[in-house]
Amino acid sequence: MRVLEWLDRMDRSRLSSVAHTYLGHHNSSPRYLLRHPVRVAIAECQLYDIADSRPSRLLLHREASPFSRGGLEQRLFNGADLAVYDFDDALQWDTGKGTLYRQLAPKAAKTLAAVRVADRVLAGNSLLAEWASIYNRDVRVIPSCVSLNAYDSKTDYEVRDPPRLGWIGSVSTERHLHLIAPALHEVHRRTGAKLTLVGAAGERLGALERVIDRAPWSEQTQRHEIARFDIGLMPLYDEPYARGKCAYKLLQYLAAGTPAVASPVGANRDVLRLAGMPAPTNTDEWIEALLGLITLSGSSRLALSRRARQMVGERFSYDAWFTPWREAVGLA
């Protein structure tokens with residue numbers, strides 16, 4: 001989303017590029033790494049080959065290797081004529097808390113090293129840019145973007161019976177749903193609302209599981225399911241790492257024309273304000289926001305969502321940011 005989607009929009013007849021995704025952008029889980037030591041060794045060697053090739057332009061997203069501590073990132077950047085570092089999460093505050101894997105592979109040190117040595121830094125939002133500007137003189141905000149054409153456009157704005165609430169994300173971010181579990185239970189009690197989760201495969205939400213349907217993530221599932229939600233959800237705990245998020249789930253919902261409710265944390269705050277969507281901060285406000293959108297007339301839901309979708313196209317789409325991104329990575 002931060003690299004490959006941009007390259008897909010470039011004129012390949014005028015651009016010679018190589019995208020290195022370590023073991024593939026779907027295969028970086030700890031279990032996969034441990035089960036494929038040969039592929040890991042090859043990937044590490046390829047990174048050193050890239051550094052030794054001294055590319056004219058190098059764009060690094062997040063980290064070069066899950067095993068590095070910053071030295072490999074510095075070596076890659078020192079070998080490039082123009083070295084650009086891109087990040088869209090608060091990796092500078094990932095100091096190893098949480099799961100064992102995160103304890104063994106914290107990202108804070110390597111993120112700081114990369115920001116310091118890069119010629120230019122691309123940050124997903126203003127909070128990340130503010131931090132990076134302490135250590136780098138050339139920092140630019142390039143928001144996480146969406147393509148409106150990547151999602152089915154919602155066509156029916158009459159709320160189903162029972163209402164269908166929806167969330168998309170990974171197992172690691174599913175914990176944020178605990179924040180609104182009491183509100184979801186109450187909305188279910190009053191309306192019979194069900195919750196569809198796209199992407200998260202575990203069952204970690206306790207009593208809430210009885211109102212949940214799960215769908216494994218795929219590009220096709222994502223394309224179709226979001227438009228079928230009556231309301232998209234993006235709760236976030238108000239904590240440093242969450243404040244660095246770039247509102248991507250929220251932008252996905254709005255790109256499909258789906259009304260959404262989200263915590264006003266980090267970039268969510270600006271997107272919610274521009275979209276005119278509810279921004280609840282406690283259980284009562286979440287209940288009020290969800291019931292308000294459920295009981296809103298179909299015509300009002302349609303008008304609200306169309307305005308929000310237009311805003312996303314104008315402010316957070318690949319088309320809107322294509323020229324700034326191309327210039328930022330030295331391809332103008």
Q. Using bins 20 angstrom wide from zero, how does P(r) for the chain break down, in % of all Cα pairs?
A. 29, 57, 14, 0
**Q.** Where chymotrypsin sites (Phe, Trp or Tyr not before Pro) fall in DSSP loop in segment 46-95, at most 15 other Cβ within 10 Å
**A.** Phe67
Q | Listed residue (Met277, Gly266, Gly298) projecting farthest to the positive dipole end of segment 251-332, Cβ model | A | Gly298
Q | Å² of accessible area per residue within the chain, as computed with a 1.4 Å probe and no ligands counted | A | 48 Å²
Q | Within the chain, longest stretch free of exposed GluC sites (Glu not before Pro) [DSSP loop, at most 15 other beta carbons within 10 Å] | A | 1-157
Q: Give the range of the longest stretch in the chain that excludes all trypsin sites (Lys or Arg not before Pro) found in loop regions by DSSP and having at most 10 other beta-carbon atoms within 10 Å.
A: 138-332
Q) Relative to the Cα centre, what is the charge dipole magnitude of segment 96-184, using +1 at the beta carbon of each Lys and Arg, -1 at the beta carbon of each Asp and Glu, and rounding to the nearest 20 debye? A) 540 debye
Q | Accessible area of the chain belonging to carbon and sulfur atoms, whole % at 1.4 Å probe | A | 50 percent
Q | Evaluated at q = 0.22 Å⁻¹: base-10 log I(q)/I(0), Debye formula over Cα of segment 137-195 | A | -1.04
Q) Ratio of Rg to Rh for segment 1-67, alpha carbon only, Kirkwood? A) 0.99
Q | Volume in Å³ per residue [convex hull over Cα atoms, computed for segment 213-332] | A | 131 Å³
Q.
Suppose each label sits 7 Å from its Cα in the direction of the beta carbon; what would the Ser299-Glu285 distance come out to in nanometres?
A. 3.1 nm
Q) What's the Cα-based Rg to Rh of segment 170-220, Rh via Kirkwood? A) 0.97
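The values are calculated or read from the model by the stated rules, or taken from the named source; none is laboratory data. Keep in mind that what you see is a predicted model, and the values were worked out from it rather than measured. As a convention, Cβ positions derive from the backbone with ideal geometry for all residues, glycine included, and neighbour counts pool all protein chains shown. Accessible surface areas use protein heavy atoms only, side chains included; no ligands, DNA or RNA. Shrake-Rupley method; radii C 1.70, N 1.55, O 1.52, S 1.80 Å.
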